[in-house]
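To start, the structure under review is shown below, and the notes come after it.
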Amino acid sequence: MLTEIRKQIDAIDKEIADLFSKRMDLVKQVIAYKKENNLPILDQNRENQMILNNKANVKEEYQDYYIKLLITLMSVSKELQNELK
């Protein structure tokens, strides 16, 4: 039973890795646009709105954890943007 559950988790982790790569590819496009238009990396309103919009996509019992995940994703995205700027 535990082995089967772990296989399912492994499969989901692979999906998350694939989606993360796609997300970071899009982040590169965002920074290119920001560079061309002389925009700052941080857009706090966008980040706040993203959290509000997306937390409803998970069960209420997981929302606080999901918000932490989103904050981490945005932090990593900003780190990449800073490196590319």
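The values are calculated or read from the model by the stated rules, or taken from the named source; none is laboratory data. Owing to the predicted nature of the structure, the values given are computational and were not obtained by experimental measurement. Here the Cβ is made from the backbone with ideal geometry for all residues, glycine too, and neighbour counts use every protein chain on show. Quick note on the areas: whole protein, heavy atoms, side chains included, nothing else; ligands and nucleic acids left out. Shrake-Rupley method; radii C 1.70, N 1.55, O 1.52, S 1.80 Å.
Could you tell me which residue of the stretch 28-85 is surrounded by the fewest Cβ atoms within 10 Å (Cβ to Cβ), considering only residues that are among the basic types (Lys, Arg) and farther than 24 Å from Ile16 by Cβ? Even if it seems obvious, please write down each step before you answer.
So the first thing to find is which residues in the stretch 28-85 are among the basic types (Lys, Arg), and the list is 28, 34-35, 46, 55, 59, 68, 78, 85.
Retained after the next criterion (residues that are farther than 24 Å from Ile16 by Cβ): 34-35, 85.
On the way: Lys34: 16, Lys35: 13, Lys85: 10.
Once the filter is applied, the top-ranked residue is Lys85.
If only residues of the stretch 11-27 that are more than 13 Å from the chain's Cα centre (by Cα) and either open to solvent by less than 100 Å² (accessible area, probe 1.4 Å) or touching a residue at least 12 places away in the same chain (Cβ under 8 Å) (or both) are counted, the one that is farthest from Leu80 (Cα to Cα) is Ala11.
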